[in-house]
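Working notes, structure below.
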Amino acid sequence: MKLHLYNTETRQKEVVEPADKKTVRLYTCGPTIYDFAHIGNFRTYVVEDLLRRSLQFFGMRIEQAMNLTDIDDKTIRGALAKKIPLNDYTEPYRVAFFEDIEMLGIQKVEHYPAATAYIPQMIEMIETLLKKGFAYRSPNGSIYFSIRHFPKYGRLSHLKLDELKVNASGDNEADEYEKEQLSDFVLWKAHDPERDGNLFWESPFGPGRPGWHIECSAMAMDLLGHTIDIHCGGVDNMFPHHENEIAQSECCSGHVFVRHWLHVEHLLVDHKKMSKSLGNFYTLRDLMKRGYTGLEVRYMLLSTHYRTQLNFTIAGLDGARAALHRIGDLIDRLKGIEGPSQGFSHLDLADQKFRTALADDLNISVALAALFDLIRELNTAADEKRLGKEDAQKALALFQQWDEVLAVLPLSRTEQIPPHLQSLLEQRTQARREKNWRLSDQIRDEILAAGYLIEDSPTGARIKRK
Ligand code: AMP
Ligand code: ZN
């Protein structure tokens, strides 16, 4: 069975196969590490994890890069406001990102390049673009890409360049803008002390810093080569970010940049995109403080098809919890089944349904329907004493296989303790050592309020969900 995915560029489902027949080269636009990521960002990363796991499930090898944006307006503004070096400012958010993806069951990928480590590659690309006549220096000293020189500009988001007003004045330094503001985009921003303080990098075009778009192209091509098999991001990345990545990469290398584009629809709140700027966001940490686990959040983000918008509600998260309980109860039941088999025959068909659904553009709703149909059949067979130990073990083995992709099934009920609670527990232990009972009680109350209990024992304290 072959995996088919919808390609944003061609607007059809296509078979996914690596160009070199060996390894799928996958690039996923990653977080800007100026703050904690919100669960909207994580919807995109969870889907990308589902994609990665599905590629593996269908027998493919993968080399993936996800960038960490540590140079942009927001990180620089943050570092300047705090009067600390850029790296000191971004580091805690980088650490938090890795904690969060672990709680969400997201596999680590092969490369996490940070923009600050790829400045020479970005400069080299800009030099090539200048040499080939695709870029120019504007009066303010910044370097721009001239979209008129790339007639295929707009092919991803299906823009018709000749019908649109193009601002080719080289005065738009914004990294993000709307289609109505279509313009030549900035490759290198000349140093502006008012905007960037003393944060700049030296280059043959003078001191300054890269624009956001060139960062992804330089890192992607350096790590994965000039042609990438699959490139992903949220739908808001399609224009202008990915369009600009295509233009500068193809003009630089002379090769097709990406063979297959995949875009994840947004997570909404009250039918508006969840975003920092609207202030309508939740971080994973917010939800864990309310007692939800990373896996419940993963299930909620995963269980709607990636090309459909998903409206976030707490009730939806409770629904995810209930679904996981249902699966967990059946798994516990299967583990206790003894006795001879009576020939339970639904497993192969269920597996066929599950695989067919995934192969069809990661159709998760149909894949989960196969899972819940099977749960119902197994429960009925167990009620009617038709299920033997061998059947139960085979069913558990099948769940195990499916969980290579889903990474969310409660196969062993080990509890996930949120990292901030774990660190509170350590602080409480320290307070008790110092006989600071007031602080120790205060911390205990905080842990209780998050929905957890503390069990003290001679070997130390541990946290358990209430
Ligand atoms: P940013 O840090 O803003 O560059 O976003 C990182 C990733 O999260 C990008 O791929 C965005 O497209 C994606 N993203 C941002 N907001 C949302 C949202 N509300 N729903 C889904 N994906 C999002
Ligand atoms: Zn990117």
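Only the coordinates and a few stated rules stand behind these numbers; no lab work does. Values in this document were obtained by computation on a predicted structure and should not be read as measured data. All Cβ positions, glycine included, derive from the backbone under ideal geometry; neighbour counts span all protein chains shown.
Quick notes on this one:
- Members of the range 193-222 that are aliphatic (A, V, I, L, M) and more than 19 Å from the chain's Cα centre (by Cα): Leu199, Ile214, Ala218, Met221
- Scanning the range 445-466 for residues that are loosely packed, with under 12 Cβ neighbours inside 10 Å and assigned to a helix (DSSP H, G or I) yields a count of 2.
- For the range 221-238, taking the residues that are outside any helix (DSSP H, G or I) and in contact with a Lys or Arg (Cβ under 9 Å, 6 or more places away or on another chain), the one that is nearest to ligand 2 (Cβ to nearest atom) is identified as His231.
- On the stretch given as the range 174-225, residues that are away from ligand 1 (no atom under 16 Å from the Cβ) and among the aliphatic types (A, V, I, L, M) total 9.
- Answer residue from the range 67-85, given it is surrounded by fewer than 18 Cβ atoms within 10 Å (Cβ to Cβ) and closer than 17 Å to Gly211 by Cβ and is nearest to ligand 2 (Cβ to nearest atom) among those: Lys74
- Scanning the range 18-51 for residues that are assigned to a loop (DSSP other than H, G, I, E, B), more than 16 Å from ligand 1 (Cβ to nearest atom) and in contact (Cβ under 8 Å) with a residue 24 or more places away in the chain turns up Pro18, Ala19, Lys22.
- Restricting the range 239-275 to residues that are within 10 Å of ligand 1 (Cβ to nearest atom) and in a loop (DSSP other than H, G, I, E, B), the residue that is nearest to His4 (Cα to Cα): Glu265
- The residue list Glu14, Glu63, Glu9 contains one member that is in a strand (DSSP E or B) and either over 17 Å from the mean Cα position of the chain (by Cα) or farther than 18 Å from Cys216 by Cβ (or both), which is Glu14.
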